[in-house]
Amino acid sequence: MANEEAVTGFHGWISRDPNSKFAAESGRYHLYVSYACPWASRCLAYLQLKGLQGAISFTAVKPIWGRTKDTDNHMGWVFPATDTEEPGAEPDPLYGASSIRALYELACPQYAGAYSVPVLWDKKHTTIVNNDSGEIIRMLNTEMNEFATHPEVDLYPADLRSQIDEINEWVYKAINKGVYTCGFAKDQQTYDQAVKLCFICLNKCEAILNEQRYLCGDELTEADVRLFVSLVRFDEAYAALFNCNEKQLREYPNLFNFTKEIYQIPGISSTVNMVHIKKHYYKSHPQYNPIGIIPIGPNIDFSSPHDRDRK
């Protein structure tokens, strides 16, 4: 994929069209993820919901950032050296890369963006197909149905798309991204505005879920998955480390039970590795947690009974 211009993102698309550059094929594509990252976790959730585990393999990196190169001080996602070094993480099975950065540089030496996860990799062309989680989950929803055990699952149905898009927009700004705006705020005003918006929208979600089972009605959609990955991290990381502490998730009856319901969908619990989540947040950001202590609680049991059946 080498070219003379700097590349800052990858937006290729797996397609059912057999003549496409990235044609849908079982075993051709590989996902690189971190269990700690909510955006990467969306993609793992889709593998489970669509039943694509047999068609697309994945590898998880270590949760704590490390040096990605000896020649500079960049800290980012790295692979363990062995299968036993970090439970849940594995060495790169394709090229023996030491970091996600090395894969970006393999795909495109001129790359000039962030070395982020998820990475959807094409083994045939030795390159990155896409590194945008929002686009990856859309293609997983439709383009690999031939190989899915649940091809009937459609998380972005045509009749709900405008509603899903609208909800995604404010959930992203206020909650998905909003918790980071709170946590990384450099002044009181920025924090105050972000935390206020975050809880306004959490309250809005709570009210919606008081009237119906899911954000868009009576069926699970993309909007629910995108909200879930933030909610499941909320009390364990965002409330404490990012000062999103006006209320805990557990103080919202509908949101808490909604989170438990989605967690209990077959396969979804395997995408939530709370050890990795807490290790990353409390040890990869020393400017916000200088000593690096990982708190013991609250150890929420998301497998406990929920009450969403009443909706």
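Below are the figures for this structure:
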| read-out | value |
| --- | --- |
| Pick from the stretch 264-284, criterion touching a residue at least 60 places away in the same chain (Cβ under 8 Å) and part of a loop (DSSP other than H, G, I, E, B), ranking: nearest to Tyr214 (Cα to Cα) | Ile265 |
| Within the stretch 47-79, tally of residues that are farther than 30 Å from Ala148 by Cβ, in contact (Cβ under 8 Å) with a residue 12 or more places away in the chain and part of a loop (DSSP other than H, G, I, E, B) | 5 |
| Cβ-Cβ under 7 Å pairs, at least 6 apart or on other chains, the stretch 287-311 side touching a residue at least 60 places away in the same chain (Cβ under 8 Å), far side of a type in the set (Ser, Thr, Tyr) and surrounded by 12 or more Cβ atoms within 10 Å (Cβ to Cβ) | Phe302/Thr259; Phe302/Tyr263 |
| Residues of the stretch 69-98 satisfying the condition of being hydrophobic (A, V, I, L, M, F, W, C) and surrounded by fewer than 19 Cβ atoms within 10 Å (Cβ to Cβ) | Met75, Ala81, Leu94 |
| Test: residue in the stretch 242-263 that is in contact (Cβ under 8 Å) with a residue 60 or more places away in the chain, part of a helix (DSSP H, G or I) and farther than 24 Å from Gly76 by Cα | no |
| Residue in the stretch 35-42 that is open to solvent by less than 20 Å² (accessible area, probe 1.4 Å), of a type in the set (S, T, N, Q), touching a helix residue (DSSP H, G or I) at 6+ places or on another chain (Cβ under 9 Å) and not in a loop (DSSP other than H, G, I, E, B) present | yes |
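One line per residue, one yes/no per condition, for (1) small (Gly, Ala, Ser); (2) open to solvent by less than 70 Å² (accessible area, probe 1.4 Å); (3) farther than 21 Å from Trp39 by Cα:
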site	(1), (2), (3)
Ile100	no, yes, no
Pro118	no, yes, no
Phe147	no, yes, yes
Val153	no, yes, no
Tyr156	no, yes, no
Gly178	yes, yes, no
Thr181	no, yes, no
Gln188	no, no, yes
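The values are calculated or read from the model by the stated rules, or taken from the named source; none is laboratory data. Only a predicted model underlies this, so the values are computations on that prediction, with no experimental measurement involved. FYI the Cβ positions are ideal-geometry reconstructions off the backbone, even for glycines, and counts take in every protein chain you see. These area figures cover heavy atoms from the full protein model, side chains too; ligands, DNA and RNA do not enter into them. Shrake-Rupley method; radii C 1.70, N 1.55, O 1.52, S 1.80 Å.
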